[in-house]
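Report on one structure; see the data block that follows.
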C-alpha cells in the first residue's frame, strides 16, 4: 500500500497558465547520511504533460521496491531528467550546503546538455531555502516550496529518480565493501552502522567531518541526522 496522499500538477499547471513554456523540478536525497554522496535530481516537463504515473509519491513515503518500480516510469513520464552528485570528500572539504549546490549544478548542466531548456524557465525546489541558484550558470527562476516533494508531482518524480539512483550506488558500494551494511542503511545513521564504524573505522565513503556526532547518537539518538531525510 502506497503511503500518503498523491501529489498533483496544480502548481505546475498554474505556471504554464502564466506563460511558462516548461517547468523544472528539483529535489535532493542523501543530505543527512553519514556516508555516500548527496544526490540531486532535476526533471523538466512541458504543458503537454500526461497524467502522472499511478502511485507516484515523495520518495520518503514509498518502500524501496515501490520506488524501484516507479523510477523508470517517472523517468519516461517527464520530458527529460538528470542526476548530479557531490562526494563525501567534497562534503568534508566544502560543506553540505555548498555541495547541494554543486550536485544541483551538475544535474542542471547535464539536463541542459541533453534537453533544450527555455531561458528563465521556473524551477520548483523543495524546501524554503534556495541553495541552487548561486551554483548554476544560467539562472533559473527558482521557486521554493515547502513539501513540494509531497505536493508537486514533478518534484515527486525528481525525488524518486534521485533516491533510486543514490540507493543503487550505495548497493554497489556494499558489494565492494560489505562491512557497513550499506545495502540496508544506504549510508544513513543506524546503530549497526555506527557499530561497524567503531569496529572497522571510517571508510573513504564516510563523511569524516560528521562522525563526531557518533557519541550523542549512542546516548540519546540522532541529533544532527534525521533518519527520515532523503
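Could you list, in sequence order, all residues of segment 175-199 that are closer than 18 Å to residue 87 by Cα, surrounded by fewer than 19 Cβ atoms within 10 Å (Cβ to Cβ) and free of Cβ contacts under 8 Å to residues at least 12 places away in the same chain?
Once the filter is applied, which keeps residues that are closer than 18 Å to residue 87 by Cα, surrounded by fewer than 19 Cβ atoms within 10 Å (Cβ to Cβ) and free of Cβ contacts under 8 Å to residues at least 12 places away in the same chain, segment 175-199 yields only 176.
Can you name the number of the only condition in (1) in contact (Cβ under 8 Å) with a residue 40 or more places away in the chain; (2) under 18 Å from residue 29 (Cβ atoms) that residue 118 fails?
(2)
Any idea which of (1) within 30 Å of residue 209 (Cα to Cα); (2) touching a helix residue (DSSP H, G or I) at 6+ places or on another chain (Cβ under 9 Å) is the one residue 55 doesn't satisfy?
Going through (1) within 30 Å of residue 209 (Cα to Cα); (2) touching a helix residue (DSSP H, G or I) at 6+ places or on another chain (Cβ under 9 Å) one by one, residue 55 breaks only (1).
Filtering segment 55-91 down to residues that are free of Cβ contacts under 8 Å to residues at least 60 places away in the same chain and crowded, with 22+ Cβ neighbours inside 10 Å, which residue is farthest from residue 113 (Cα to Cα)?
Going through the qualifying residues, I end up with 86.
Take segment 21-35 and flag every residue that is crowded, with 19+ Cβ neighbours inside 10 Å and over 18 Å from residue 58 (Cβ atoms).
Scanning segment 21-35 gives 22, 34, 35.
Determine, yes or no, whether residue 20 is in a loop (DSSP other than H, G, I, E, B) and in contact with a helix residue (DSSP H, G or I) (Cβ under 9 Å, 6 or more places away or on another chain).
For residue 20, the condition - in a loop (DSSP other than H, G, I, E, B) and in contact with a helix residue (DSSP H, G or I) (Cβ under 9 Å, 6 or more places away or on another chain) - is met.
How do the pairs read when you match residues in segment 200-215 that are under 18 Å from residue 90 (Cα atoms) with residues anywhere that are at pLDDT below 90, using Cβ under 9 Å and keeping only pairs 6 or more apart or on different chains?
202/211; 210/224; 210/225
Scan segment 78-89 and tell me whether some residue there is part of a helix (DSSP H, G or I) and within 19 Å of the chain's Cα centre (by Cα).
There is at least one residue in segment 78-89 that is part of a helix (DSSP H, G or I) and within 19 Å of the chain's Cα centre (by Cα).
Filter segment 137-154 down to the residues that are touching a strand residue (DSSP E or B) at 6+ places or on another chain (Cβ under 9 Å), farther than 21 Å from residue 59 by Cβ and not in a strand (DSSP E or B) and list them by number.
If the condition is that a residue be touching a strand residue (DSSP E or B) at 6+ places or on another chain (Cβ under 9 Å), farther than 21 Å from residue 59 by Cβ and not in a strand (DSSP E or B), then 140 is the only one that fits.
Taking segment 23-52 on its own, how many of its residues are part of a strand (DSSP E or B) and more than 12 Å from the chain's Cα centre (by Cα)?
Selection size over segment 23-52: 6.
One residue is enough: does segment 167-181 have a residue meeting the conditions in a loop (DSSP other than H, G, I, E, B) and farther than 16 Å from residue 40 by Cα?
Scanning segment 167-181, I find at least one residue that is in a loop (DSSP other than H, G, I, E, B) and farther than 16 Å from residue 40 by Cα, so the answer is yes.
The values are calculated or read from the model by the stated rules, or taken from the named source; none is laboratory data. Because the structure is predicted, anything quoted here is derived from the model rather than measured. Glycine gets a Cβ as well: all are built from the backbone with ideal geometry, and neighbour counts include every protein chain shown.
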